[in-house]
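K.L.:
This is the structure I want to talk about, given as structure tokens.
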Amino acid sequence: MVCFCFLVDQRRKVWRSKPVAGTCSRCGCGASVADIKTSTRFCYIPVYWKSWKAIMCTFCGAILKSYR
Ligand SMILES: [Zn+2]
């Protein structure tokens with residue numbers, strides 16, 4: 001019998017951000033442009049990484065705009 005371990009999760013980590021003009025549409029706080037790294041883990045082993053840029057809220061963390 002084969003036992004599959006479907007334990008997949010995603011980690012999002014902001015590793016660099018700087019304030020930018022603009023406000024959050026959700027809470028009205030300041031926005032910042034952030035370099036984000038997303039890693040997808042399968043059974044706690046990272047299998048996929050993606051780094052991307054986005055305008056996000058510094059307070060609530062909402063993604064206001066994302067770039068490729
Ligand atoms: Zn916000």
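K.L.:
Distance in nm between label sites at Cys60 and Arg16, each 7 Å beyond Cα in the beta-carbon direction?
P.N.:
The modelled label-to-label distance comes out at 2.8 nm.
K.L.:
What percentages make up the Cα-Cα pair-distance distribution of the chain when the bins are 10 Å wide from 0?
P.N.:
21, 39, 23, 12, 4, 1
K.L.:
How much accessible area per residue does the chain have, counting only protein heavy atoms and a probe of 1.4 Å, in square angstrom? The partial results should precede the final answer.
P.N.:
Details: 5480 Å² over 68 residues.
Per residue, the chain has an accessible area of 81 Å².
K.L.:
Evaluate the charge dipole of the chain about its Cα centre and quote only its size in Debye, nearest 20, assuming +1 on the Cβ of each Lys and Arg and -1 on the Cβ of each Asp and Glu.
P.N.:
With only Lys, Arg, Asp and Glu charged at Cβ, the dipole is about 200 debye.
K.L.:
While we're here: Please report, as a whole percent, how much of the solvent-accessible surface of the chain comes from carbon and sulfur atoms (probe radius 1.4 Å).
P.N.:
Its accessible area is 58 percent carbon and sulfur atoms.
K.L.:
Of the chain, which part is the longest with no chymotrypsin sites (Phe, Trp or Tyr not before Pro) in a loop (DSSP not H, G, I, E, B) and with at most 10 other C-beta atoms within 10 angstrom? Intermediate values should be presented prior to the final figure.
P.N.:
On the way: sites that count: Phe4, Phe6, Tyr44.
Longest gap between qualifying sites, sites excluded: 7-43.
K.L.:
Along Cα→Cβ, 7 Å out, is where each label goes; now give me the distance between the ones at Ser25 and Ser51 in nm to one decimal.
P.N.:
Each label point lies 7 Å from its Cα, and together they span 2.8 nm.
The values are calculated or read from the model by the stated rules, or taken from the named source; none is laboratory data. All values reported here derive from a predicted model rather than from experimental measurement. Glycine also receives a Cβ, built like all others from the backbone with ideal geometry; neighbour counts cover every protein chain displayed. The protein model used for the area step is the full one, side chains on, heavy atoms only, and it has no ligands, DNA or RNA in it. Shrake-Rupley method; radii C 1.70, N 1.55, O 1.52, S 1.80 Å.
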